[in-house]
1. Picking from 194, 107, which residue would you name as being in a loop (DSSP other than H, G, I, E, B), on the phi > 0 side of the Ramachandran plot and not assigned by TED's automatic domain parsing to the domain that holds residue 80?
2. Just to be sure before I move on: is residue 13 within 21 Å of residue 135 (Cβ to Cβ), surrounded by fewer than 21 Cβ atoms within 10 Å (Cβ to Cβ) and not assigned by TED's automatic domain parsing to the domain that holds residue 135 in the structure I sent?
3. Among residues belonging to the stretch 95-104 that are buried (at least 17 other Cβ atoms within 10 Å of the Cβ) and either in a strand (DSSP E or B) or touching a residue at least 40 places away in the same chain (Cβ under 8 Å) (or both), point out the one that is nearest to the chain's Cα centre (by Cα).
4. Condition first: farther than 13 Å from residue 173 by Cβ and outside any loop (DSSP other than H, G, I, E, B). Now tell me which residues in the stretch 132-151 satisfy that.
């Protein structure tokens, strides 16, 4: 890992297809930076601010974005594999289509986000805030959603198979056509007050 870059501001810079390997940034600000098709691997961003950053078609593997804030960023066709985004916040970001495989997105704030059709598989998302998020048609499979905030979320047509739904209040979300497995059906029935018996 390279020595950390701290407290710097990068403004209106062209980092198109930049290779961000084993870099470390702490409390840095990225404003109007073009990271289209950039690739990160093993890099760590801590307490950084991303404002109006273009992350279109970027690829991130085993990188960390810890307690970062993303505002009006474009993540069209971005991919995250095995990344840690604990405590990060997304506000007014374009997140479709987004693909996330593995990693830890616990305590991430995605309030009101447009996540229609995104794909998230095998991600730890404990206490994630998806309040009011539109996840219609999304794949949210094999996720750890324990303690998640899902109030007023739209989960219509979602593939929720294998995900922890213990935090789900079926009366507070839109669920029509969502797909779950038999074990999850028991959890949902119990949340509705049913006593499941053989």
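1. Step by step, each of 194, 107 is checked, and only 107 is in a loop (DSSP other than H, G, I, E, B), on the phi > 0 side of the Ramachandran plot and not assigned by TED's automatic domain parsing to the domain that holds residue 80.
2. Judged against the criteria, residue 13 is not a match.
3. Top of the filtered list is 100.
4. Within the stretch 132-151, 139, 141, 144 qualify.
The values are calculated or read from the model by the stated rules, or taken from the named source; none is laboratory data. The structure presented is a predicted model; accordingly, all values stated were derived computationally and were not measured. No Cβ is skipped: glycine too gets one built from the backbone with ideal geometry, and neighbour counts run over all protein chains shown.
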